[in-house]
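Worksheet: one structure, shown below.
The values are calculated or read from the model by the stated rules, or taken from the named source; none is laboratory data. Predicted model, so just to flag it, every value in this text is computed and none were measured. Methodologically, a virtual Cβ is constructed for each residue, glycine included, from the backbone with ideal geometry; neighbour enumeration extends over all protein chains shown. These accessible areas exclude ligands, DNA and RNA; they are computed on the full protein's heavy atoms, side chains included. Shrake-Rupley method; radii C 1.70, N 1.55, O 1.52, S 1.80 Å.
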Amino acid sequence: MVHPDTDSKREQVRILIVDDDAAVRNAIGMLLREEGYDTTLVDNAEAALEMARAEEYPLVISDMRMPGKDGAWLRDRLHEARPDTAIIMLTAFGDTEAAVEALHKGATDYLLKPPRVTDLIRAIEQALSKRRLEQARQRYRTSLERRVRDRTAELQQALQDLETTYSTTLWALVAALDAREQEVSNHSQRVVRFTLAIAGRLGVAEKELPDLGRGALLHDIGKIGITDSILLKPGKLTEEEWVVMRTHPQIGFDILKAIPFLGAPAEIVLAHQERFDGKGYPRGLKGDALPLGARVFAVADTYDAITSDRPYRKRQSPEAACAEISRCSGTQFDPMCVEAFLSIPVAELEALARPTTVPPI
Ligand SMILES: [Fe+2]
């Protein structure tokens, strides 16, 4: 006896039956209709594929050998067009090889012709249950993938927010420092922009630019540890005062070195007063021993210093600044960085110097 629940479920199952032999086709169709399935009969593989493309059939029962396109052809096309479709192949006695191949290539099951009713029903139920299981697996996989995607996006957003928070904090810190020195407004932003522009010309990898920018931004952070009487002294510093003043790169480095994401910028801070010819401080590093970021920064900082008004002198033209930087190539500055800097048109330098509300890093 058929359970009413199963019966009602069966009525919804649509089965496409493909066989060139009308007698077999009709016999199977009638049999399955009696069992409560919704059957559609078709006599060739091409017509079957067309129908399966137009409407979804959870199950296709197809003869293996048919004139024209055969069952194997239909199985392969269905596999592409309707990967969810369960396929039962009907094979003639002695055609076991073809049947095994059919299974390997994606058929759900095979039956010898003519199939016995019980075998046919069992094969159909097994194929449909296998299909439901596969669909459930697929739904689970899809939902898992979606969850992973959502969580990854959330994580990326959180990292982005964190990065923005870091960045904003650094800018606030530098603004506080600039305020203490009554520094020319936007000096830090400009130096960062020039540094990034030169680094870009040098072909520095995109992912390394934030470190260079942060090194430039924080270069004088160590001045926080220099007493007001020296830092803000209006006149010239004595030799003893210079000794104190020259400790600011080391103080800056010591402040930053414990912060993991500022490791590379800390090295630039420590080296920002060095010179290419080794006559800088605190370590007297020479040439390539200097971090590239520090060599780039030196050019950017000098350009900004010359082209900005200072309490003790008026600003000079970009051309004059470029001439001075060119003159110091190989002594104060790395010639490679000078060349990259000089390749930036003056109009671009002037554009970079204009204040904007968007921090460059
Ligand atoms: Fe400095």
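Which whole-number percentage describes the relative contact order of the chain, with Cα contacts under 8 Å and a sequence gap of 6 or more? Provide the component values of the computation, followed by the final result.
On the way: 475 pairs, mean separation 38.3, N = 361.
The value is 11 percent.
Per DSSP H run of n ≥ 4, the term is -39500 (n - 2.57); total these for the chain, divide by its residue number, and report the mean residue ellipticity at 222 nm rounded to 500 deg cm²/dmol. The partial results should precede the final answer.
Numbers: 16 runs with 210 residues, N = 361.
After summing the helix terms and dividing by residue count, I get -18500 deg cm²/dmol.
Need one value: the accessible area of HIS104 in square angstrom, 1.4 angstrom probe, rounded to the nearest 10.
Approximately 150 Å² for this residue.
How much solvent-accessible surface does THR168 expose, in Å² to the nearest 10, with a 1.4 Å probe and all protein chains in place?
80 Å²
Determine the order of LYS207, LYS69, LYS233 by accessible area, beginning with the largest, at a probe radius of 1.4 Å. Present the calculation step by step, with values, prior to reporting the outcome.
Details: LYS207 160, LYS69 85, LYS233 65 Å².
Per-residue accessible area, sorted high to low, gives LYS207, LYS69, LYS233.
Select from GLY222, PRO345, THR118 the residue farthest towards the positive end of the dipole of the chain; place +1 on Cβ of Lys and Arg, -1 on Cβ of Asp and Glu, and compute about the Cα centre.
Selected residue: GLY222.
Quick one: how many Å² of ARG246 are accessible to a 1.4 Å probe, rounded to 10?
90 Å²
Out of the total accessible area of region 1-129 (probe 1.4 Å, heavy atoms of protein only), what percent is carbon and sulfur? Intermediate values should be presented prior to the final figure.
Working: 3390 of 6800 Å².
Of all accessible area on region 1-129, carbon and sulfur atoms account for 50 percent.
How far apart, in nanometres, would the label points at ASP288 and GLN135 be if each is projected 7 angstrom from Cα along the Cα-to-Cβ direction?
6.6 nm
What are the extents of the Cα atoms of region 259-321 along their three principal axes, in Å, largest first?
Each principal axis gives a Cα extent; for region 259-321 these are 38, 28, 20 Å.
Counting each pair of different Cα atoms once, what's the Kirkwood radius of region 182-260 in Å, rounded to one decimal? If you can, show how the numbers build up before the last one.
Numbers: mean 1/r = 0.0699 Å⁻¹.
By the Kirkwood definition, the hydrodynamic radius is 14.3 Å.
Assigning unit charges at the beta carbon (Lys, Arg +1; Asp, Glu -1) and nothing else, what dipole magnitude in debye, to the nearest 20, does the chain show about its Cα centre? Display every interim value, and only then the final one.
Working: 47 positive and 56 negative charges, 216 e Å.
In total the dipole reaches around 1040 debye.
Out of every Cα pair in region 4-141, what percent are spaced more than 26 Å from each other? Please list the in-between numbers first.
On the way: 1417 of 9453 pairs.
Tail of P(r) above 26 Å: 15 percent of Cα pairs.
How long are the semi-axes of the equivalent ellipsoid of the chain, taking √(5λ) for every eigenvalue λ of the Cα gyration tensor, in whole Å from largest down?
Values: eigenvalues 1359, 92, 58 Å².
Semi-axis lengths for the chain are 82, 21, 17 Å.
Please report the antiparallel percentage of the DSSP beta bridges confined to the chain, to the nearest 5. All intermediate terms of the calculation are to be shown ahead of the outcome.
Working: 1 of 20 bridges.
The answer is about 5 percent antiparallel.
Can you give me the distance in nm between label points at VAL244 and ASP309, each placed 7 Å from the Cα along the Cα-to-Cβ direction?
Between VAL244 and ASP309, the simple spin-label model gives 3.0 nm.
Over region 4-141, what is the percentage of antiparallel beta bridges among all DSSP beta bridges, to the nearest 5?
Once the DSSP bridges in region 4-141 are tallied, antiparallel ones form about 0 percent.
Starting from the Cα-Cα distance between ALA22 and LEU237, subtract it from 0.36 nm times their residue separation and give me the gain in nm to one decimal. Show your work: numbers first, answer last.
Numbers: separation 215, 0.36 × 215 = 77.40 nm, distance 10.87 nm.
Gain on extension, ALA22 to LEU237, equals 66.5 nm.
Are there any chymotrypsin sites (Phe, Trp or Tyr not before Pro) in region 32-107 that are in a DSSP loop and have at most 12 other Cβ atoms within 10 Å? List them by number. Present the calculation step by step, with values, prior to reporting the outcome.
On the way: sites: TYR37, TRP73, PHE93; in loops: TYR37, PHE93.
Loop-located and lightly packed - PHE93.
Counting only GluC sites (Glu not before Pro) that sit in a DSSP loop (anything but H, G, I, E, B) with at most 12 other Cβ atoms within 10 Å, what is the longest stretch of the chain containing none of them?
On the way: sites that count: GLU55, GLU56.
The longest uninterrupted stretch comes out as 57-361.
Using Cα-Cα distances under 8 Å and only pairs 6 or more residues apart, what relative contact order does region 4-141 have, in percent? Write out the running numbers ahead of the final one.
Numbers: 213 pairs, mean separation 26.7, N = 138.
RCO, region 4-141: 19 percent.
Compute the length gained on full extension between LYS207 and ARG149: take 0.36 nm times their separation in residues and subtract their Cα-Cα distance, giving the result in nm to one decimal. If you can, show how the numbers build up before the last one.
On the way: separation 58, 0.36 × 58 = 20.88 nm, distance 2.36 nm.
Length gained between LYS207 and ARG149: 18.5 nm.
Considering region 181-353, what Rg and Dmax in Å follow from its alpha-carbon atoms?
Every Cα atom of region 181-353 included, Rg and Dmax give 15.5, 43 Å.
Counting only heavy atoms of protein chains, what accessible area per residue, in Å², does the chain have with a probe of 1.4 Å?
54 Å²
Using 22 Å as the Cα-Cα cut-off, could you pick out the over-long pairs in LYS233/LYS257; LYS279/LYS314; LYS207/LYS286; LYS223/LYS286; LYS236/LYS286; LYS236/LYS314? Provide the component values of the computation, followed by the final result.
Details: LYS233/LYS257 29 Å; LYS279/LYS314 27 Å; LYS207/LYS286 26 Å; LYS223/LYS286 24 Å; LYS236/LYS286 28 Å; LYS236/LYS314 18 Å.
Going by Cα-Cα distance, LYS233/LYS257; LYS279/LYS314; LYS207/LYS286; LYS223/LYS286; LYS236/LYS286 fall outside the 22 Å limit.
Which of ALA54, ALA300, ALA197 ends up with the largest GNM mean-square fluctuation for the chain, with Cα atoms connected below 10 Å?
ALA54
So, with a 1.4 angstrom probe, what is the percent of accessible area on region 283-329 that is carbon and sulfur?
Numbers: 1190 of 2320 Å².
Here carbon and sulfur together make up 51 percent of the probe-accessible area.
Per-residue HN-Hα couplings for region 213-224, Karplus 6.51 cos²θ - 1.76 cosθ + 1.60 at θ = phi - 60°, whole Hz, x for Gly and Pro?
Taking θ as phi minus 60°, the curve returns x, 5, x, 5, 4, 9, 3, 9, 4, x, 5, 4 Hz for region 213-224.
Lysines near LYS105 by alpha-carbon distance under 23 Å, same-chain residues fewer than 8 away left out - which ones?
Partners within reach: LYS69, LYS113, LYS130.
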